[in-house]
1. Work out, step by step, the length gained on full extension between LYS86 and LYS242: first 0.36 nm times the residue separation, then minus their alpha carbon distance; give nm to one decimal.
2. Is the C-alpha gyration tensor of segment 153-251 telling us rounded, prolate or oblate? Criteria: a/c under 1.5 is rounded; beyond that, a/b larger than b/c is prolate, otherwise oblate.
3. Could you give the length gained on full extension between ALA3 and GLU195, defined as 0.36 nm per residue of separation minus the Cα-Cα distance, in nm?
4. With every protein chain left in place, what is the accessible area per residue of the chain in square angstrom, probe 1.4 Å?
5. Could you please put THR173, THR247, THR162 in sequence from largest to smallest accessible area, using a 1.4 Å probe?
6. Do the sum for the chain: with -39,500 (n - 2.57) for every DSSP H run of n ≥ 4, divided by all residues, what is the mean residue ellipticity at 222 nm, to the nearest 500 deg cm²/dmol?
7. Can you give the local net charge around GLU33? Use residues other than it whose beta-carbon is closer than 15 angstrom to its beta-carbon, Lys and Arg +1, Asp and Glu -1.
8. To check my understanding: the extent here is largest minus smallest coordinate of the Cα atoms along each principal axis. What are those three numbers for segment 70-121, in Å, largest first?
Amino acid sequence: MGAMKISVSHLKKSFLADHRQTELFNDLSFSVEFAHVLALIGRSGSGKTTLLRLLAGLECPDEGEVIIDEEPLQFHSTKWLQHYQKKLGFVFQQQNLFPHYTALENVTLPLTLVHHEKLSTAQEKAAAMMERLKIFQHAVKKPHQLSGGEAQRVAIARALVTEPRFLLLDEPTASLDVEMKVEILDLIAELKMMETPILLVTHEMGFAKKAADQILFLEQGSILEQGEASSFFNDPQHPRVKKFLSTVFAY
């Protein structure tokens, strides 16, 4: 798979908060190309998750255009968005596993429910993906019987089993303890070998430095700096980015 290209032009997005309109993005524009992992980083409230949801078609901008691999997102066509989202894989902070289904059933579900595959074929694919992610030994467990790290592995297997166009990860380690966090970060680093492009929102700077090809640093709905991960972390240009990184890596 070749490099993934994302182009955003003159994006505007506001929300109604406390009975007044709050502007998050005002004329946001950028273009980025990456082979494996694009990391969206920045302080809380900078717009990282909203940008991720816009790229997934889960939020619609007030104005502007998003183009992914030369294809404009048709935000005003529900049918187009549904077709587009069927080709994506999502993993959010909370795994959103169905509590009354086993791990294997959770991974099988998108294949049967969304992609209308035969149950036997879907189960084979789900089992193979769980084996690949080293989680098949927990196939018959319900979500409440899994650790946080195991549940997140199941969620990632469910997102990958449909062979998505790309994978969106929103703070995938946010609710995990340190040991489980390291395990999931190692897993995500391994996913680079699967050649599925990943859009990642994370506050784990060490991981972003290790795993990402390209970095977008957001602050108050604007991109202060973007570039290759190595140059971004080793030689940041913007003073506020320098201060942010020096604070993070001081601990």
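The values are calculated or read from the model by the stated rules, or taken from the named source; none is laboratory data. What you are looking at is a predicted structure, and each value in this text was computed from that prediction instead of being measured. Note that each Cβ is placed from the backbone with ideal geometry, even for glycine, and that neighbours are counted across all protein chains shown. Ligands, DNA and RNA are stripped out before the accessible areas are found, and what is left, the full protein with its side chains, is counted by its heavy atoms. Shrake-Rupley method; radii C 1.70, N 1.55, O 1.52, S 1.80 Å.
1. Additional length available on full extension: 52.3 nm.
2. Taking the square roots of the gyration eigenvalues as a ≥ b ≥ c, segment 153-251 is prolate.
3. Extra length available between ALA3 and GLU195 comes to 68.1 nm.
4. Accessible surface, normalised per residue, equals 50 Å².
5. Numbers: THR173 0, THR247 70, THR162 30 Å².
Reading off the accessible areas and sorting them downward yields THR247, THR162, THR173.
6. -10000 deg cm²/dmol
7. For residues surrounding GLU33, the net value is -4.
8. 37, 29, 19
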